[in-house]
1. For region 196-250, what are the residues that are within 26 Å of Arg100 (Cβ to Cβ), open to solvent by less than 70 Å² (accessible area, probe 1.4 Å) and assigned to a helix (DSSP H, G or I)?
2. Going through Ile52, Ile102 one at a time, which residue ends up being within 28 Å of Arg190 (Cβ to Cβ), in contact with a strand residue (DSSP E or B) (Cβ under 6 Å, 6 or more places away or on another chain) and modelled with pLDDT of 90 or more?
3. Which residues, counting only those in region 168-191, are hydrophobic (A, V, I, L, M, F, W, C) and either surrounded by 15 or more Cβ atoms within 10 Å (Cβ to Cβ) or in a loop (DSSP other than H, G, I, E, B) (or both)?
4. Going by the conditions given, is Val83 touching a strand residue (DSSP E or B) at 6+ places or on another chain (Cβ under 7 Å), open to solvent by 30 Å² or more (accessible area, probe 1.4 Å) and among the hydrophobic types (A, V, I, L, M, F, W, C)?
5. Could you count how many residues in region 135-167 are among the aliphatic types (A, V, I, L, M), under 24 Å from Ala185 (Cβ atoms) and open to solvent by 50 Å² or more (accessible area, probe 1.4 Å)?
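The values are calculated or read from the model by the stated rules, or taken from the named source; none is laboratory data. Remember, predicted model here, so these are calculated numbers, not experimental data. Note that each Cβ is placed from the backbone with ideal geometry, even for glycine, and that neighbours are counted across all protein chains shown. Accessible surface is based on the protein model in full, side chains and every heavy atom, while ligands, DNA and RNA are left aside. Shrake-Rupley method; radii C 1.70, N 1.55, O 1.52, S 1.80 Å.
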Amino acid sequence: VEAPLLEVGLAGRFDATNIVTPLVSAITSIGFDHQQHLGSTLGAIAFEKAGIIKPGVPVVMAPLPVEADEVVRQVAAERGARVVRADEGARMAARMEDGRAIVEIATPAHHYHPVALGLRGEHQVENALVAIRLLEEANAAGLAVTPGAIESGLAGTVWPGRLELIELPGGRRLLLDAAHNADGAAALARYLSRWHPERPPLVFAAMRDKDVPAILRSLLPVVGPVVTTAPSSRRAADPDTLAEEVRALDP
C-alpha cells in the first residue's frame, strides 16, 4: 500500500506495530481500559501508550489529562521526538446537526473549509483535529496530502459500529456502538441524551473483563428497557449476570 495507517492493538510499548518506524505517530485520548495489563493510573497507562514514540519522529498528541500529558511529554523528550499538540495554534468552530458536527478548522498550516464529519458525535471534533495535524505532519515529511484530500477524508470516513445509524424497513432505526469502557460509554450517553431523548431500548453485551458497572452507570439514565445478551465469544459476560447488574444499578 502507498500509505498504511497502523493502529496499536493494545497500549503501545509491547505492541507489534513497533517494528515499523513511521513518518509520524499520534496519541489520542487516554482513559481507563485494560487496567489488568496497562496499570491502574492514567500515568501508567500513558507510559504504555507512549511506547509508540520513536526517536526523532514527531508525535501528534490530543489534549490529555495533566497526569497523562506529563508522561507523554517526558518520554518524547527522552527520545528527541517533537510533540505537536493538536490544539496548539489551532482555531476551531463547530456546530451539531442531526448528530454530526460541522466543523471549520484553521491550523498554523491551513484554513479548512466547513465540512460535515462523516462520523457521528461531538467527541469526533477533537479526533478530527488530531487527524488533520497528523496528516499535515505526514505531508511535511514527504507524503503528499492536500488540504482538499483532508477535507474529503473528514467528510467521507466510515467506521462500522461507532455510532453507526442504520435505517431499517418501516422507518425504524438502529444505532450500533462499540463503547466498551467508561469514556466510550460517556460519549455514547451524551449523544443519546441530545439526539434520542425518547430513551430508546438498549441491547447490551460485554466481555467479562470490562468495567460493566461504569459503562452502565453512564447508559442507564438515557435508555429505556434493557435487553442483555452475549456475542459468540468465550470472553463474553453471562447475560443473566449482566441483567443482575442492570437491576442493581437501576431497579
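1. Of everything in region 196-250, those that are within 26 Å of Arg100 (Cβ to Cβ), open to solvent by less than 70 Å² (accessible area, probe 1.4 Å) and assigned to a helix (DSSP H, G or I) turn out to be Ile215, Ser218, Leu219, Leu220, Val222.
2. Details: Ile52 fails: within 28 Å of Arg190 (Cβ to Cβ).
None of the other options fit; the residue is Ile102.
3. Leu168, Leu175, Ala178, Ala179, Ala182, Ala185, Ala186, Ala187, Leu188, Ala189, listed by residue number.
4. Judged against the criteria, Val83 is a match.
5. 2
Residue by residue, here is whether (1) on the phi > 0 side of the Ramachandran plot; (2) open to solvent by 80 Å² or more (accessible area, probe 1.4 Å); (3) modelled with pLDDT under 90 holds:
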site	(1), (2), (3)
His34	yes, no, yes
His37	no, yes, yes
Ser40	no, yes, yes
Ile45	no, no, yes
Val57	no, no, no
Ala62	no, no, no
Val66	no, yes, yes
Asp69	no, no, no
